[in-house]
Structures are given as C-alpha cells and as structure tokens.
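Below is one structure, written out as structure tokens; comments come after it.
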Amino acid sequence: MQSALTIFFMLLFLLLCFLGMMANGFIVLVLGRQWMRCRRLLPVDTILISLGASRFFLQWVGLVHNLYYHIHFAEYTRNLSRQLFGLHWYFLNSANFWLGAWLSVLFCLKIANITHPTFLWLKWRFPGVVPWVLLGSVLVSIIVTLLFFWGNHTLHQGILIAKVSGNVTFQEWKRRVEIHYFLPLKLVTLSMPLSIFLVSMALLICSLRSHSQRMRQSSHAPQDHSMEAHTRALQSLISFLILYALSFVSLMIDVSRYFSSKSQWYWVWQIISYFTISVHPCILILSNVKLRGTFRQLLLLAKDFWLLPRAPDKRGRGG
C-alpha cells in the first residue's frame with residue numbers, strides 16, 4: 001500500500017515530466033517550423049532544437065523507465081529491460097550534457113566582450129562548424145553508451161549466474177562494479193562537457209559583470225534599458241549554471257543506487273534529477289526573443305478564444 005506522501009511526489013514527478021515535454025516540444029515545433037519554412041537555421045537555433053529534442057525524448061525515457069521500475073521492481077534487474085532502458089538513457093544524457101556545453105560556448109562567443117586573438121578566432125570559426133560539433137557529440141555519446149552497455153551486460157550475466165548458483169557474494173561484487181567502473185566512467189565522460197561548460201560560462205559571466213559595472217558607472221539614467229537587458233542575461237546564465245551543476249551532481253549520486261524504488265524518498269530524488277531538463281527549457285523560452293514572441297502569441301490566441309462571445313441559445317422557450 002503506497003503512502004499518501006509517496007503518491008503525492010509521484011504525481012509531482014509526472015507533472016514535472018509533462019511540463020518539460022511541453023516546453024521542449026514547443027521549442028522543437030517552433031524552430032522546426034522555421035527550419036521547414038526557411039530551409040536553414042541559425043547556429044544557436046540548431047543547438048536549441050537539438051537540445052530540445054534530446055531532452056524531450058529523455059523525459060519520455062525517464063517517465064517510462066521510472067514507472068516500469070516502480071511497478072516491476074522484482075524482475076527489473078533480472079530481465080533485459082535494464083539494458084534496453086540504459087541504451088536510451090545513457091545516450092540521451094550524454095548528448096544532453098554535450099549540447100548544453102556547446103550552447104554555453106555559443107552564448108559566450110556571441111555575447112562576451114573579449115579581445116584575445118584566440119577568442120576572436122573561435123568567434124569567427126565556431127558558428128560555421130556547429131553541425132560538425134553536433135555530429136561529434138552524437139558519436140561521442142554512442143561510444144559512451146556502448147561502454148555503459150558493456151557494464152550493464154556484465155551485471156546482467158552476473159545476476160543470472162548468482163540466481164543459478166545462489167552466490168551470496170554477488171551483491172558485494174555488484175557494488176564493486178558500480179563504484180569502480182560505472183562511477184569513474186560517468187565521472188570522466190561527463191566531466192569533459194562540464195569543463196567546457198564551466199569555462200565558457202565563467203568567461204561570459206565575468207564579461208557581463210564587468211560590462212554592467214562600466215555601464216552603471218557611465219550611465220546617468222537610473223533605469224538604463226541596456227543595463228537591464230544585461231542584468232536579465234546574467235541572471236539567466238547563473239540559473240543555467242546552477243541547473244547544469246545540479247544535473248551533474250544528481251547523475252553522480254545516482255550511481256550509488258541509494259534511493260531504491262521502495263524508498264519513500266525515491267520520487268523526491270527523481271524530481272531533483274529531472275528538474276533541470278524540465279525547468280531550463282522554460283527559461284530558454286522566456287529569454288529567447290523568437291520563442292518568447294511565439295509563446296505570447298499563443299497565449300493571446302488562447303485568451304481571445306475563451307473571451308469570444310458564445311452564440312445565444314436559439315431554442316424556443318415553452319409558453
């Protein structure tokens with residue numbers, strides 16, 4: 001019998017997933033419509049549509065995986081479902097981290113005011129190689145997925161052997177595999193995009209802060225629109241940094257398998273794990289002029305639809 005608290009957090013997790021799927025789906029639909037109309041996309045839009053698609057499918061995989069894991073907990077580790085879910089989950093997670101890193105690099109090159117020759121060369125060269133960067137991210141994610149798949153396959157074979165032989169030391173062996181193989185592998189493969197992300201975000205935040213300080217000192221008007229725009233951009237980037245770091249930490253802790261499906265805090269942990277890919281798309285929509293404009297148009301259409309006068313009832317009254 002599920003406790004009321006567990007059911008509450010489970011429903012909250014479902015709502016969070018649906019919010020993320022709607023936000024990421026909105027990004028993909030808007031930019032995909034522009035792609036079909038113009039036959040081309042800006043580099044930032046190319047990364048955004050790729051990031052939105054990867055997060056959309058990651059939400060679906062996470063939703064189905066968690067529900068299946070919760071309902072079929074006993075046979076989850078004994079059949080091939082663990083490996084099947086792992087193939088999609090590791091690939092999409094790796095792609096999501098790389099795409100987030102490249103998005104931060106593009107933001108840094110586009111906005112930061114740095115005059116170093118290397119930075120200027122990257123600023124000129126990087127937008128043209130974005131498709132190749134995305135292709136490289138897919139190839140790296142495939143390699144990472146195969147490495148994790150090999151580890152999951154080894155665990156699956158060990159489970160079958162332990163089930164037949166009744167080996168009581170299997171749990172200890174499984175724990176060693178998770179700590180000495182999965183944890184270093186996840187740490188190494190995710191630290192590479194994390195390092196790129198942190199360097200680019202640090203450069204961008206420092207550039208925006210110094211620029212805002214110069215504008216504040218030179219501006220005589222108390223409310224300068226340009227300074228307000230830079231402040232909003234700085235707040236958006238800091239929120240992106242916090243959410244990206246939260247996602248990295250949650251994936252590192254996930255290796256410990258501390259929160260099993262039977263724990264009352266399992267769904268709380270899942271909410272924390274999927275918080276980034278559900279909330280950050282909303283921030284992207286509000287901070288992007290094109291996406292924000294389309295979203296406002298949809299809100300106005302919905303408002304006009306509900307405020308339309310209803311046709312009077314033409315049925316005659318009895319008399």
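The values are calculated or read from the model by the stated rules, or taken from the named source; none is laboratory data. Since this is a predicted model, take the numbers as computed values, not measurements. Every residue, glycine as well, gets a Cβ built from its backbone with ideal geometry; the counts of neighbours run over all protein chains shown. What goes into the accessible areas is simple: the full protein's heavy atoms, side chains included, and nothing from ligands, DNA or RNA. Shrake-Rupley method; radii C 1.70, N 1.55, O 1.52, S 1.80 Å.
Before moving on, here are some points about what is shown:
- Scope region 238-255; condition in contact with a Ser or Thr (Cβ under 8 Å, 6 or more places away or on another chain) and either modelled with pLDDT under 75 or open to solvent by less than 40 Å² (accessible area, probe 1.4 Å) (or both); matching residues: 240, 243, 244, 247, 250, 251, 254
- Single unsatisfied condition, residue 193 versus (1) modelled with pLDDT under 85; (2) open to solvent by less than 50 Å² (accessible area, probe 1.4 Å); (3) in a helix (DSSP H, G or I): (1)
- Restricting attention to region 26-40 and to residues that are more than 17 Å from the chain's Cα centre (by Cα) and buried (at least 18 other Cβ atoms within 10 Å of the Cβ), the residue that is farthest from residue 131 (Cα to Cα) turns out to be 30.
- Residue within region 43-56 that is closer than 21 Å to residue 298 by Cβ, at pLDDT 90 or above, touching an Asp or Glu at 6+ places or on another chain (Cβ under 9 Å) and open to solvent by less than 30 Å² (accessible area, probe 1.4 Å) present: no
- In region 284-293, the residues that are closer than 14 Å to residue 28 by Cβ and either open to solvent by less than 40 Å² (accessible area, probe 1.4 Å) or part of a loop (DSSP other than H, G, I, E, B) (or both): 284, 285, 288, 291
- Single unsatisfied condition, residue 112 versus (1) open to solvent by 60 Å² or more (accessible area, probe 1.4 Å); (2) modelled with pLDDT under 85: (1)
- When residues of region 196-212 are limited to those that are surrounded by 15 or more Cβ atoms within 10 Å (Cβ to Cβ) and polar (S, T, N, Q), the one nearest to residue 111 (Cα to Cα): 207
- Residues that are part of a helix (DSSP H, G or I) and either surrounded by 12 or more Cβ atoms within 10 Å (Cβ to Cβ) or at pLDDT 85 or above (or both) within region 164-183 comprise 170, 173, 174, 175, 177, 178, 179, 181, 182, 183, listed in sequence order.
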